[in-house]
1. Among TRP126, TRP40, what is the fewest-to-most ranking by other Cβ atoms within 10 Å?
2. How large is ³J(HN,Hα) for each residue in the range 40-45, as worked out from phi by the Karplus curve 6.51 cos²θ - 1.76 cosθ + 1.60 (θ = phi - 60°), to whole Hz, x for Gly and Pro?
3. Enumerate the calculated ³J(HN,Hα) couplings along the range 57-64 in order (Karplus 6.51 cos²θ - 1.76 cosθ + 1.60, θ = phi - 60°), each rounded to whole Hz, writing x wherever the residue is Gly or Pro.
4. Subtracting the Cα-Cα distance from 0.36 nm times the residue separation, let me have the gained length for GLU6 to SER85 in nm, one decimal.
5. Mean residue ellipticity at 222 nm from the helices of the chain, using -39,500 (n - 2.57) per DSSP H segment of n ≥ 4 over the full residue count, to the nearest 500 deg cm²/dmol?
6. How large is the charge dipole for the chain, taken about the Cα centre, if only the Cβ atoms of Lys, Arg (+1) and Asp, Glu (-1) carry charge, to the nearest 20 debye?
7. Non-local amide H neighbours of LEU102 (under 5 Å, H modeled in plane, Pro and chain starts lacking H): which ones?
8. May I ask you to work out the translational diffusion coefficient for the chain at 25 °C, viscosity 0.890 mPa s, via Stokes-Einstein with Rh from the Kirkwood sum over Cα pairs, reported in whole µm²/s?
Amino acid sequence: MFNIAEFARLSADEQRAYHNSLKYYRDLNNAVNTSREEGWEEGRELGIEEGRELGIEEGRELGIEEGRELGIEEGMRSLLIRQISRKISSIPTAITDRLSQLSLEQLDTLAEYIFNIKNVEDLIHWLDEREK
């Protein structure tokens, strides 16, 4: 930029050209800044949307996985209760309630132990040992 003394030495046409050039520079600079801000905002919005979609997809996958695990657990529980019922004729409701509280890992252990169960007392003993 010129200082005031240098500007004063310019002819009227040169001063007008300088003002026009300065105005053009400022307009161009404003356009660049506005474009940068708009681009940043658009990028931010796209990032938020992509993040939201990714979060929804991850949530969906987690839900499917949890549903699968619950289905396996319920299926295993149901199968074990049927097998034990056949082996010892009937299972008291209180014992069935306790079986329904077992984790997948405990159900897996019970599936291996089922061959050692001869009567309700054996099953109760096994359940009592797990609760200690």
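Each reported figure results from applying straightforward, stated rules to the coordinates on display, with no laboratory input. Just so you know, these numbers come straight off a predicted model, no measurement behind them. Cβ atoms come from the backbone with ideal geometry, glycine included; neighbour counts cover every protein chain shown.
1. Neighbour counts put them in this order, fewest first: TRP40, TRP126.
2. Once θ is set to phi - 60°, the couplings for the range 40-45 become 4, 5, 5, x, 4, 5 Hz.
3. Result, rounded to whole Hz: 5, 5, x, 4, 5, 5, x, 5.
4. On the way: separation 79, 0.36 × 79 = 28.44 nm, distance 10.50 nm.
Stretched out fully, the GLU6 to SER85 stretch lengthens by 17.9 nm.
5. Values: 5 runs with 111 residues, N = 132.
After summing the helix terms and dividing by the residues of the chain, the value is -29500 deg cm²/dmol.
6. Numbers: 17 positive and 29 negative charges, 33 e Å.
Computed charge dipole of the chain: roughly 160 debye.
7. none
8. Details: Rh = 22.0 Å.
Rounded to a whole number, D works out at 112 µm²/s.
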